[in-house]
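Each remark here refers to the structure printed beneath this line.
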Amino acid sequence: MKKLALVLIFCSIALMGFSQPKGSVLIKDGTVLTLANGTIENGDVLIEDGIITQIGDDISAPGGVKTVDASGMYVMPGIIDPHSHIAGVDINEASNPVTAEVKMENSIDPNDIAIYRALAGGVSSIHLLHGSANVIGGESETLKLRYGQGQEGLKFKGAPRTIKFALGENPTRVHGQGSGIQPRTRMGVEQVIRRTFDAAIDYRRNREDYLQAKENYTGQGAPPKPVAKNLRMETVADIVDGEVLVHSHSYRADEILMLMRVFEEYGIENYTFTHANEAFKVAPEMKANGAYASVFSDWWAYKFEVYYSTAYNASILNANGVVVSINSDSGELIRHLNHEAAKTIRYGDTSKADALKMITLNPAIQLGINDQVGSLEEGKDGDISVWSEHPLSIYAINQMTFVDGVKYFDRDEDADDMRIDINPAESLEPTLSHSKKDAGCMHDVFYLFSETTGQ
Amino acid sequence: MKQILTGFCLLIIGLAFSFSASAQGVPAKAFKNIILHQADGSTVNDAVIVWRNGVIETAGKKKTIPFDAEVWDGGDSLHVYPGFIDGTGYWGSPDRKEFEETPSRGDPSYERAGIRPERHARETVDMKSEDFKKVMEAGFTTAALGTKGYMIPGQLDLFLLQLEMEIGDLYAEGIGMQLQFQDSYRVYPSTTMAIMAKLEQLMLEAKALKEWQGYYASSSTEIAPPENDPVLEALYPVMENEQRVFFKVDSKENIERVFQLQDELGFDWVLVSGMEAYKVADELKKRNVPVLASINFPKKPDWKKDDKDDKKDKKEKKKKAEEEEEVTEEMKAFREKRWQAYLLLYKNISELMEADVSVGFASADLELKEMSNRMNDWKEYGDIKPNEMLKVMTANTADILGKGKELGGLKKGQVASFSVMTKPFTEEETKVVYSVSAGEMNELNDLTQTEEDN
């Protein structure tokens, strides 16, 4: 029966014939946690052609629209993980401190079984980040977990461009210690950023001058010397121009303050500090600068710069008015982000609504997609997870996950083997163990140290 | 005598020679009493094939053999096939260069980064390599040779194979530029996404350099001369669609990434290897991208090997059987899925043909010692007929390489490159007795020798 269900799910997706299918469904009689307009007991959510068209009670299903009975269950927005490395082929282009020209959209692994596992945890969208080896890494990619729809099918259309920055030990280890080049210290990290911004500003001016001169050149006199388009500088110049949202790997309060100072000087706004274990120390400053934070609930002490940490971090930031989210940075943690959010209640007495926003609306704000997802509102996308209990309960189990009104996970139809791409040369073991992507931010990096440092 | 045929021009010269050969003392050569297999799969018994000066004069039944011809008798049992053509092979290429630790990982030299579009296979291939004899023993007479390398290993050169190769066996040079998502370990670009960015950046820089060269050549005003950059200049033909890219990729996702690069950069390309090309067959057809497909299938798992494959002794077989008994239902289900995945790879070429994609053959990364096994797998599981296999490895490949008129068949006027075999090429223990390449006779197996002699 499970096999049949598996076949039906993927056949039905395939028959839709396009890579980003939209579905229609009425989810009925659940406790609807809208995160925008309170909670509706025995509420209904109608999704038509991928968009939420009605929220209320006693909604009738239009002709041809299937009804899902959610009585006794909780209906909430699909969880959004703002810091993930699942569904990635390569994570780190770790060969240079600045690699702004590389793009995670070219490094999507649409067949990663971790996508399905995340769906099983109620996650509907992720932010596939470049790793943290470089001061300025590559552009990241926001994805919807449309498992089985290929690379293009996973992309979150309309999501703003984002890019990964990294402060502290990771870039100084990789480049300072690993290659003997700047940055070797946190001071060096700052200088790499400043120098790159300045170079990008110069580049853009020179390039625009050249293009203007070329347009004006009539064949008489000295021709303009070509200034080749430079992909790296183009992206950095776009950051300075505010067209790319920065998500910066960081831990210590001093480096958080440093980047805020630099960004203020260059006029950069709408940025997020990710990890940010010491952000609680500078919460008022972050609020004043409009900076966001995306943190772990209680994960630390895995390297020196991550020792001064507290499980109150998210709650303190939230209480200071900082838009804060909880992220996974892990193929395992992503499967229970609801529990991670619940810890803010246990430790910091955060409200349930705010705790849930930390894994829904707040990450949507940080990614610039909150007009489409993050809460249950009419006109937003039909990205929904349905839970057996209140999702912040330790006993809660996700039952179903919808993306654009299409069901990609159903606990009742959860077959043993949900792989969609089987490599015949691969034995069974890798599929039964944890995803290789658990290496997280420093995935693909350690080979750099294998001979030079003996690690 | 080595035939130096440089493209179609020499073919015309060859034809001219054939009309006045006797007068000029160039003797013909011929096989008689042979079973002739044309590239389209048709077979002619009791046939002859005559060639002179490297070009086929006639092939078929009841054809007259010129009085001056040196004649070999096939004894009604030898099979003559058009020589197989390897669309992209690395025969004779040295292994990829291993580099010392590089201080500047982020800005390596072109060589260290594996960006060598200016390099030709003719410069890198070891002409004395044993590979060539082995390839000819497998029925190949022609190969587009590339260099083992990294992101851009070099230029593909087309060679007519001989036992003792010389530069004169080069038939056409620079028939395509090799490209692959292969990083040069520890330096930029070290990931697929960076290789994509680097390729785009190289093209942008090549465009700027060419523009400056144009200004320099035409401007009457004294301006700074453009810098000499052979690497960027070697990209001009691709940039201007005068040369195709031979992009070696296998997975569906990587093929899609090349589609994206094609859209951004506008190059024409040939898909090389393409083990999962069947998954994007419609898009390949739509874009008119030909495929030089590899048969470098993964080895069958032990639990799928039959007696024919299994060379283990009885004790090991017994142990294997005992292990088989412990296989759970869940394991069986996993194995069945895995086997279905194997079958999809085996059927890649037939699926592409079904979708009307132009498909030829490339050995690509296939090791010589595996050639026979993989051919057997292809024949057994590939859902393909022998005549279709033949066409893929001959006429189709020649067409994709742009040499369909001259190579890949046994028609009058075509280059005399064929293999004489003891049995049909798909049968086991078939041997190539003679490999005729560009008219040159290479004796590979002495039929007069008995098994004991061997």
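The values are calculated or read from the model by the stated rules, or taken from the named source; none is laboratory data. Given the structure is predicted, the values throughout are model-derived calculations rather than measurements. We place every Cβ from the backbone using ideal geometry, glycine too, and count neighbours over all the protein chains shown. Accessible surface areas use protein heavy atoms only, side chains included; no ligands, DNA or RNA. Shrake-Rupley method; radii C 1.70, N 1.55, O 1.52, S 1.80 Å.
Per-structure values
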{"read-out": "Of B:K285/B:K405; B:K207/B:K279; B:K391/B:K431; B:K332/B:K379; B:K61/B:K431; B:K279/B:K369, pairs whose Cα-Cα distance is over 31 Å", "value": "B:K207/B:K279"}
{"read-out": "Cut-off 14 Å between beta-carbons: net charge of the residues surrounding B:M177, Lys and Arg +1, Asp and Glu -1", "value": "-3"}
{"read-out": "Global size of region B:180-316 as Cα Rg and Dmax, reported in angstrom", "value": "21.8, 86"}
{"read-out": "Taking all pairs of distinct alpha-carbon atoms in region A:210-351, Kirkwood radius in angstrom", "value": "17.4 Å"}
{"read-out": "Cα→Cβ-extended label distance, 7 Å offset, between A:D371 and B:E173, nm", "value": "5.8 nm"}
{"read-out": "Whole-Å semi-axes of the ellipsoid equivalent to region B:21-82 (Cα gyration tensor, √5λ, descending)", "value": "21, 12, 9"}
{"read-out": "Computed P(r) (all Cα pairs; region A:209-292; 10 Å bins; percent)", "value": "16, 35, 19, 13, 11, 5, 0"}
{"read-out": "Quotient of Cα Rg and 2.2 N^0.38 Å for region B:87-405, N being how many residues it contains", "value": "1.13"}
{"read-out": "Histogram of C-alpha separations across region A:203-248, 5 Å bin width, %", "value": "5, 20, 22, 18, 13, 9, 7, 4, 2, 1"}
{"read-out": "Probe 1.4 Å, all protein chains present, accessible-area order of B:D107, A:D209, A:D404, largest first", "value": "B:D107, A:D209, A:D404"}
{"read-out": "Cβ-based net charge around A:K144, under 9 Å, with every Lys or Arg adding one and every Asp or Glu removing one", "value": "0"}
{"read-out": "Coil-residue GluC sites (Glu not before Pro) of region B:85-170, DSSP, other Cβ within 10 Å capped at 10", "value": "B:E98, B:E100, B:E101"}
{"read-out": "With eigenvalues of the C-alpha gyration tensor scaled by 5 and rooted, region A:154-217, Å", "value": "32, 21, 9"}
{"read-out": "Beta bridges per DSSP with both ends in region B:87-405, % antiparallel, nearest 5", "value": "30 percent"}
{"read-out": "Square roots of 5 times each gyration tensor eigenvalue, C-alpha, region B:193-247, largest first, Å", "value": "25, 13, 8"}
{"read-out": "Reachable aspartates and glutamates from A:K103, criterion Cα separation under 12 angstrom, eight or more residues apart if same chain", "value": "A:D90, A:E93, A:E139, A:E141"}
{"read-out": "As computed over the protein assembly as shown, the Cα convex hull volume per residue (Å³)", "value": "207 Å³"}
{"read-out": "Region B:259-283 and region A:238-264: distance between their alpha carbon centers, rounded to Å", "value": "39 Å"}
{"read-out": "Counted charge near B:D263, where neighbours are those whose Cβ lies closer than 13 Å (Asp, Glu -1; Lys, Arg +1)", "value": "-3"}
{"read-out": "Part-to-part distance (alpha-carbon centres) for region A:99-158 and region A:207-222, which is given in Å", "value": "41 Å"}
{"read-out": "Compactness index (Cα Rg / 2.2 N^0.38 Å), region B:47-179", "value": "1.41"}
{"read-out": "Inter-part distance where region B:27-67 and region A:363-397 are each reduced to a Cα centre, Å", "value": "75 Å"}
{"read-out": "Expected 222 nm ellipticity per residue - DSSP helices of 4 or more, -39500 (n - 2.57), all of chain B, to 500", "value": "-9000 deg cm²/dmol"}
{"read-out": "Orientation-averaged projected area, Cα convex hull of chain A (nm²)", "value": "25.4 nm²"}
{"read-out": "Rounded to 5, the percent of DSSP beta bridges in the protein assembly as shown classed as antiparallel", "value": "55 percent"}
{"read-out": "Sites A:Q220 and B:D107, calculated FRET efficiency, Cβ-Cβ separation with R0 30 Å, nearest 0.05", "value": "0.20"}
{"read-out": "Peptide A:97-110, shielding by other chains (average Cβ, 10 Å cutoff)", "value": "5"}
